[in-house]
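First the structure, in the form of structure tokens, and then the observations on it.
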Amino acid sequence: MTELILITGGARSGKSSYAQQLAGDLGERVLYVATAIGFDAEMQDRIARHRQQRPAHWDTWEGWQNLKTIFTHQSETYDVILLDCLTLLVSNWLLHQTEATLEEWDGAALEQLEQSIIEDLRSFLEEASRRQTTVIMVTNEVGFGIVPENRLARIFRDVAGRVNQYIATRAKTVYLVICGQVLQIK
């Protein structure tokens, strides 16, 4: 991999806009990895707005798990792969696991879930490195707020925070976006 870049910040901070600008600056051939699922009308509208904001010549892969299959389904070599966003990816993994009730989720089950997410990301990054592709990942900084009242929200915050740490330790560059202003922190 040429470089792994992580862009983090709060909701509506300008992370995605900055990531798209950076991806366009770094290469002509861009693959946009969209991790959102349109469960309801509001999310479908958000997805539609994101599609309209991306350059028409970028390719899109929609999914949130088995990320390394991107490389078996895409014949083109990309300069940049932009994954937006890690927190939706984590949320989808959690929601996919709702066959068990929250009360049944013990520490071992949560650790296994977290390890599955990290392993999927590790495999994806390993494949990207073989292709000398710059990877940009967007995520939400979920640790700035209060401790959530409900268990699912706390689990999400904890897992997302640790996944963010995993990616940040591997990233060459990390940006924090606040109010549309970009601060390089690594």
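The values are calculated or read from the model by the stated rules, or taken from the named source; none is laboratory data. Remember, predicted model here, so these are calculated numbers, not experimental data. For neighbour counting, all protein chains shown are included, and Cβ atoms are generated from backbone atoms with ideal geometry for every residue, glycine included.
To keep it simple, each residue is scored yes or no on (1) of a type outside the set (A, V, I, L, M); (2) in contact with a Ser or Thr (Cβ under 9 Å, 6 or more places away or on another chain); (3) closer than 15 Å to Thr133 by Cβ.
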position: Ser13; (1), (2), (3): yes, no, no
position: Ser17; (1), (2), (3): yes, no, no
position: Ile47; (1), (2), (3): no, no, no
position: Arg54; (1), (2), (3): yes, yes, no
position: Trp58; (1), (2), (3): yes, no, yes
position: Gly63; (1), (2), (3): yes, yes, no
position: Tyr78; (1), (2), (3): yes, yes, yes
(request) Inspect all residues belonging to region 96-107 and state whether any of them is assigned to a helix (DSSP H, G or I) and at pLDDT 95 or above. (result) no
(request) Output the number of the condition that Leu89 fails; it satisfies all remaining conditions of (1) at pLDDT below 85; (2) surrounded by 15 or more Cβ atoms within 10 Å (Cβ to Cβ). (result) (1)
(request) Give just the number: which of (1) closer than 17 Å to Thr2 by Cα; (2) in a strand (DSSP E or B) does Leu121 not satisfy? (result) (2)
(request) Hey, can you tell me all the residues within region 34-59 that are of a type outside the set (A, V, I, L, M, F, W, C) and within 14 Å of the chain's Cα centre (by Cα)? (result) Thr35
(request) Report whether or not Gln21 is surrounded by fewer than 16 Cβ atoms within 10 Å (Cβ to Cβ), among the polar types (S, T, N, Q), over 16 Å from the mean Cα position of the chain (by Cα) and under 22 Å from Val80 (Cα atoms). (result) yes
(message) Exactly one condition in (1) surrounded by 13 or more Cβ atoms within 10 Å (Cβ to Cβ); (2) touching a residue at least 40 places away in the same chain (Cβ under 8 Å) is false for Gly180; which is it?
(response) (1)
